[in-house]
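Since the structure comes first, as structure tokens, the remarks are kept for the end.
The values are calculated or read from the model by the stated rules, or taken from the named source; none is laboratory data. Here the structure is a predicted model, which is why all the values come from computation and not from measurement. Here the Cβ is made from the backbone with ideal geometry for all residues, glycine too, and neighbour counts use every protein chain on show.
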Amino acid sequence: MREPGHTDSSGGGTIRILIVGGGCAGLTTAHRLQRELQQELRAGRAEITVVEAAPYLTYRPLLAEVAAGSIDPRHVVVPLRRALPDCRVLTARITRIDHARRLAWLAPSGGVEVELGYDELVLTAGSVSRTRPIPGLAEHGLGFETVGEAVSLRNHVLDQLDLASSTRDPELRDAALTFVFVGAGYGGVGALAELEDMARQALRGYPNIQPGDLRWVLVEAGDRVLAEADPALAEHALAQLRERNVDIRLGTTLDSAQDRMMALSDGTRFAARTLVWTAGVRPAPVLAATDLPLDADGRVRCLGTLQAAGADGELLPGAWAAGDCAAVPGPGSAADGADGPPTACPPNAWHALAQGELLAENLLAVAAGQPPTPYRPEQTYASASLGLHRAVAHTRKGSLTGRRAWLLHRARTLRGLPSSDRRVRVLADWLLGGLFAREAVSLASVEHPRAEFEAAAGNPPEG
């Protein structure tokens, strides 16, 4: 398994593979390695350690449907220990990595820092929300990267309907019924469309609120929505959203959200009690605490084979990266051997899943003295959900819209979920959703289970 001349720093014959991150790329890599090295793992000749702050993978392409109440939140997470029984899964955070010494330091929750040695490093730490120093954003912004944030956003939207239905203050009512989303990528468009659908259905229980009273605003700094999608597909999505009276501001940024007053760069000002931030992601902060060369965006520099590259572009032995935290040369770029400008694969679940599978294959190939294979992603056809029974999808034969696009989008999304158990559960949710209406009930009290105790102690929780 080891490269010629390699000496195991542990003094034994066990090869130690450290995978930092248990997202789509990390789980896919670990699962493939676990399958191929099963005998070595059980005999103690190999050891795979997966370090992830959460004990599960979150499948982000389905978060919008979690927020809309179409899917049980538990069904879009994959427990790592169940999926990787032959691996050592550590629920902790990596604080720094010294690859020159093959050492990493991890900090368990509430514990002391622990030193961890390895022979092969696989960085699949993913990404976090890319925020900006906008006044009021930290106080009033809502993220959309985790299951908890998706459930919290759903509860928040329903709470605003309750507030608008009961208040007699017209300004407060208008602010409660105004929902602002910043960022028109797949996450932002999908979240807005699904929640608009859910809120419209929920209004059946609010006779004093009409659909026209709700105001949905989508703010995008670029010149179009779904910037990564085919332009024709993006234009169709834009038209569909505007038909639903979504106020879309292209070429516009959020300048301030102080005191829940939205100030946009086009001079518009209005009050809103809901501000959802989906304006892109940035690589996980742990990358800055490594001695690996990073690109201008903070991602690990990679060769097309998913091996880490040094500052001079040469191979950096023993280090690999995939997914959102890796700058993997995309097809048609100069780094990929073409004449085009140097571009990296965009951060999304589809690339992460494919790269994780190839990374495992290449790691095993190099260990066996065989050449690794460059990443050549197959043609991907984008699709985006625009709510219940509505979507846009690109296929080999052109573009689809409406119910057929929605069914195709669901099939593609379900196929990418890296767990057969979870795929069955999500499919069951969808089938039941076709028989019964969505439950428009807020469970916001779950977010503060000790609220009554804290209130009794004179220290009420912040809402």
State the number of residues belonging to the stretch 87-105 that are over 30 Å from residue 65 (Cβ atoms), surrounded by 18 or more Cβ atoms within 10 Å (Cβ to Cβ) and over 23 Å from the mean Cα position of the chain (by Cα). 4
Could you list, in sequence order, the residues of the stretch 353-384 that are closer than 22 Å to residue 234 by Cβ and out of contact with any Phe, Trp or Tyr (no Cβ under 7 Å at 6 or more places or on another chain)? 377, 378, 379, 381, 382, 383
Mind telling me which of the residues 122, 151, 157 ends up being at pLDDT 90 or above, farther than 30 Å from residue 363 by Cα and crowded, with 21+ Cβ neighbours inside 10 Å? 157
Mind checking which pairs have a first residue in the stretch 177-206 that is assigned by TED's automatic domain parsing to the domain that holds residue 163 and free of Cβ contacts under 8 Å to residues at least 40 places away in the same chain and a second that is part of a strand (DSSP E or B) and of a type outside the set (Ser, Thr, Tyr), Cβ under 7 Å, 6 or more apart or different chains? 177/215
Taking the stretch 32-82 and keeping residues of a type in the set (Phe, Trp, Tyr) and touching a Lys or Arg at 6+ places or on another chain (Cβ under 8 Å) leaves 59
Residue 450: passes all of (1) modelled with pLDDT under 80; (2) surrounded by 12 or more Cβ atoms within 10 Å (Cβ to Cβ); (3) more than 25 Å from residue 230 (Cβ to Cβ) but (2)
Would you say residue 239 is within 24 Å of residue 399 (Cα to Cα), without any contact (Cβ under 8 Å) to a residue 12 or more places away in the chain and surrounded by 18 or more Cβ atoms within 10 Å (Cβ to Cβ)? no
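Could you name every one of the strands (runs of 3 or more DSSP E) located completely within the stretch 1-78 that has at least 2 residues being modelled with pLDDT of 95 or more and among the hydrophobic types (A, V, I, L, M, F, W, C)?
Numbers: elements: 15-20, 46-52, 56-58.
By residue number, 15-20, 46-52.
A quick yes/no check of all residues on (1) farther than 25 Å from residue 413 by Cα; (2) out of contact with any Gly (no Cβ under 8 Å at 6 or more places or on another chain); (3) assigned by TED's automatic domain parsing to the domain that holds residue 429; (4) of a type in the set (Lys, Arg):
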residue: 69; (1), (2), (3), (4): no, yes, no, no
residue: 80; (1), (2), (3), (4): no, no, no, no
residue: 85; (1), (2), (3), (4): yes, yes, no, no
residue: 96; (1), (2), (3), (4): yes, yes, no, yes
residue: 122; (1), (2), (3), (4): yes, no, no, no
Return yes when residue 315 is buried (at least 20 other Cβ atoms within 10 Å of the Cβ), under 19 Å from residue 29 (Cβ atoms) and modelled with pLDDT of 90 or more and no when it is not. no
